[in-house]
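Reading through the structure tokens given below for one structure.
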Amino acid sequence: MRKTLWLIAISIFLISVAWLGKPYLPPIARTPFYAIYLTFQEPPPALPIPIKSVKSSQLVDTWNAARSNNRLHQGIDIFARRGTPVLSTTEGIVLRVDTNNLGGKVVWVLGPGDQRHYYAHLDGYADISAGDTVVPGSELGYVGNSGNARGASTHLHYGIYTRTGAINPYPLLKTQSGQP
């Protein structure tokens, strides 16, 4: 019975998405359904640069560059002044606002296609918390050099993770289909 009700609820949601586009749901109900909606969306073929003041010509592909402890760089470093706003590249749900040893102050956003967008080395966070919904251009935090970037130039480490592992964000940012 419980499984049947769950299948009916998902079916109604998917039919409403197909019929009406993204449906309005009250905030408390939106997050779990919105995650399902995002999972079935196609990932965007291009993304805006997550720092408005940075131009496409300033990006450098640092994907798979050597890092300490025999690691490879799983993202792109985007250099900017400390405190410059970091913006979401996609619509989505904030999964975590947290700290870790490598990334320091970090924000994770679940985006279309079940991709997880990782914003690291932040100096601080915008007024966000886990469960919040964002759109391209929503402020997530501010450029810094926290975590293992202490002592380095201030920058944003931006990564994209799928179920099968990390993908290189550089080609998606370089194509520039619209700035937020």
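Worth a mention:
- The slack in the chain from PHE79 to SER129, taken as 0.36 nm per residue of separation less the alpha-carbon distance, amounts to 15.5 nm.
- Solvent-accessible area per residue, Å², over the range 38-151 with all protein chains present [probe radius 1.4 Å]: 47 Å²
- Hits among aspartates and glutamates - C-alpha to C-alpha of LYS174 under 16 Å, sequence gap 8 or more where chains match: ASP61, ASP77
- Global form of the range 117-170, assessed from the alpha-carbon gyration tensor, a/c cut-off 1.5: oblate
- Relative protection proxy for 78-86, 93-101, 136-144, from highest mean packing down: 136-144, 78-86, 93-101 (other beta-carbon atoms within 10 angstrom).
- Around the amide H of ASP61, modelled in the peptide plane, lies no amide H under 5 Å away from a residue 5 or more places distant or on another chain.
- Of TYR37, TYR161, the order by accessible heavy-atom surface (1.4 Å probe, DNA, RNA and ligands excluded), from most exposed downward, is TYR161, TYR37.
- Cβ-defined net charge surrounding SER138, 14 Å radius [Lys, Arg +1; Asp, Glu -1]: -3
- Rounded percent of accessible protein surface that carbon and sulfur make up, the range 94-163, 1.4 Å probe: 45 percent
The values are calculated or read from the model by the stated rules, or taken from the named source; none is laboratory data. In this text the structure is predicted, and so the values were computed from the model without any measurement. Note: ideal-geometry Cβ built from the backbone for every residue, glycine included; neighbour counts use all protein chains shown. Just the protein is used for accessible areas: all its heavy atoms, side chains included, with ligands, DNA and RNA removed. Shrake-Rupley method; radii C 1.70, N 1.55, O 1.52, S 1.80 Å.
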